[in-house]
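First comes the structure, then the notes that go with it.
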Amino acid sequence: LINLICDILNGDEREVRFHPNQLRSNTQLQPEHLNLLIPELKGVCIHTTHRNQDRIYRIKNILSTAVSMKFERDGKEVSVAEYFR
């Protein structure tokens with residue numbers, strides 16, 4: 001997925017602007033980059049293995065960073081990033 005994101009963001013440019021090593025969990029993309037990614041990634045299927053369970057997810061949208069997206073767990077608010085640490 002990271003390589004696909006780099007390909008989309010780099011487009012047809014001869015000069016590579018985005019490299020997989022640059023796109024880490026704390027990387028924030030500019031709105032214009034997200035506008036390029038959203039239509040290209042919408043509907044892409046992602047295969048994951050977590051806790052010995054294979055699952056397939058379909059990308060619906062790109063909303064926010066894992067640090068800023070929060071949910072309630074055991075009565076406490078945690079970020080997605082905290083949950084997966």
Seminar exercise, completed: Pairs returned, first residue in segment 31-60 that is without any contact (Cβ under 8 Å) to a residue 24 or more places away in the chain, second residue that is surrounded by 11 or more Cβ atoms within 10 Å (Cβ to Cβ) and assigned to a strand (DSSP E or B), beta-carbon separation under 6 angstrom, 6 or more apart or interchain, are Y57/I46
For this session: Determine if segment 4-19 includes at least one residue that is modelled with pLDDT of 90 or more, surrounded by fewer than 12 Cβ atoms within 10 Å (Cβ to Cβ) and not acidic (D, E).
Result: no
Exercise. Here are some conditions: (1) at pLDDT 90 or above; (2) not aromatic (F, W, Y); (3) not in a helix (DSSP H, G or I). Q28 meets all but one. Which one does it not meet?
Worked result: (1)
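Residues I38, I56: which one is under 13 Å from the mean Cα position of the chain (by Cα) and within 18 Å of I2 (Cα to Cα)? I'd like the intermediate steps shown before the answer.
Working: I56 fails: under 13 Å from the mean Cα position of the chain (by Cα).
Checking each option against the conditions leaves just I38.
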For this session: Among the residues of segment 31-81, count how many are over 24 Å from R17 (Cβ atoms), modelled with pLDDT of 90 or more and either small (G, A, S) or assigned to a helix (DSSP H, G or I) (or both).
Result: 3
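The values are calculated or read from the model by the stated rules, or taken from the named source; none is laboratory data. Here the structure is a predicted model, which means the values were calculated and not measured. Counting neighbours? That spans all protein chains shown, and the Cβs are built from the backbone with ideal geometry, glycine included.
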